[in-house]
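The values are calculated or read from the model by the stated rules, or taken from the named source; none is laboratory data. Since the model is a prediction, treat every value here as computed from it, not as a measurement. So basically every Cβ, Gly included, is an ideal-geometry build from the backbone, and we count neighbours across all protein chains shown.
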Amino acid sequence: MSLLMLVSLVLIVLLAGTGWSVKTRSRWAGNGALVFSVGLLLWVWLLVAATGAGFAGTMWIFFGLSHAVVACVGWLTARWMGDALPGVDGRGWFHLSTVVAAAELLSLGAGALAMVLRSIKGIGGGGDDVRFSLVIIGVAALVLWVCAVVSMIRYLRDVGRGRRRRAPERADAVIVLGAGLVHDRVSDLLACRCDRGAAAWHSVTEHRPARSTPLIVTGGRGDDEPCTEAEAMHRYLASRGFPRGAVLEERYATDTTENLHFSLDLLKERGVRDPHVVVCTSDFHVLRTERIVAALEAERGDNGVPFSAVVLGAPTPKPAIPASYLREYVALTIHRIIGRA
């Protein structure tokens, strides 16, 4: 038990140090490594407690509760301290929460491997029932971790494809999907979407009159936003020299499906039938947007208002990449399972 007490003490000190670092050093560098270290040390604590204290009969409960506690503590810490960290959308706490989740996933693989090796080699003592429990938990966690990593690699490959995709030569409209604002202005992430939309619009209008191809900015007003996302996007584009007359605002959408539905309805009101549109969003959001587009193509086609679309990805600002990619990876997984997210 003395080793368990020592590891527990080190874990408490490291948790306190991580909290102090996040609160006083408002930067990402180093804080992610500290969070990852806490995750690894938790696995060490779990191994020491399981083998030294001989928790064979309650291993599964012990395993689940320990990580549930870490998840809760991590989220609460992120919610309390994370706003001090820089973020592209003013939600530093959310980005820190995602870093905590990523660190826990990475430490899951390292801890699972250590648990399997410990059981195979018989390090640290413990009876056969303890070793068997450790092997079962370790192998299951390791398989889960490998599957998640392989799936993430495939996701990142597809994200790159969406970012490199070129705008078509012909399109009836360019639609830029909204995202959260920072007060009354576009976030860095949303600015990248607008820039990608403007570039696509210029590419399309090289082959047809500019006035016949609108750029539709879409997004309603959130509870914590002083204006609609569409208004803020329109102002941003105008400040960059984009012609105001080419922009249409869709001010009521609350999600991606409504973004597309309401934008297509605007085109219908302007007499555009069977439109081919370019949809611009963040690179990490392309895959889920394509799934939503496919569902809408089928739905609107059945209702006699068909359309087709190509989805382009805008680069994601570097500070937002970890949180945005991980969050969207989870959302895409949920969308594939239940059809929405």
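Residues that are of a type in the set (A, V, I, L, M, F, W, C) and at pLDDT below 90 within the stretch 205-242 comprise just one, Ala210. Does the stretch 267-276 include one or more residues that are farther than 12 Å from Val174 by Cα, out of contact with any strand residue (DSSP E or B) (no Cβ under 8 Å at 6 or more places or on another chain) and among the aliphatic types (A, V, I, L, M)? Scanning the stretch 267-276 turns up no residue that is farther than 12 Å from Val174 by Cα, out of contact with any strand residue (DSSP E or B) (no Cβ under 8 Å at 6 or more places or on another chain) and among the aliphatic types (A, V, I, L, M).
As a summary of the residue check, Val279 satisfies the conditions (1) in contact (Cβ under 8 Å) with a residue 60 or more places away in the chain; (2) assigned to a helix (DSSP H, G or I) except for the one numbered (2). In the stretch 158-176, the condition of being under 17 Å from Arg235 (Cβ atoms) and surrounded by fewer than 20 Cβ atoms within 10 Å (Cβ to Cβ) is met by no residue. For the stretch 296-320, the set of residues classified as without any contact (Cβ under 8 Å) to a residue 12 or more places away in the chain and among the aliphatic types (A, V, I, L, M) consists of Ala298 only.
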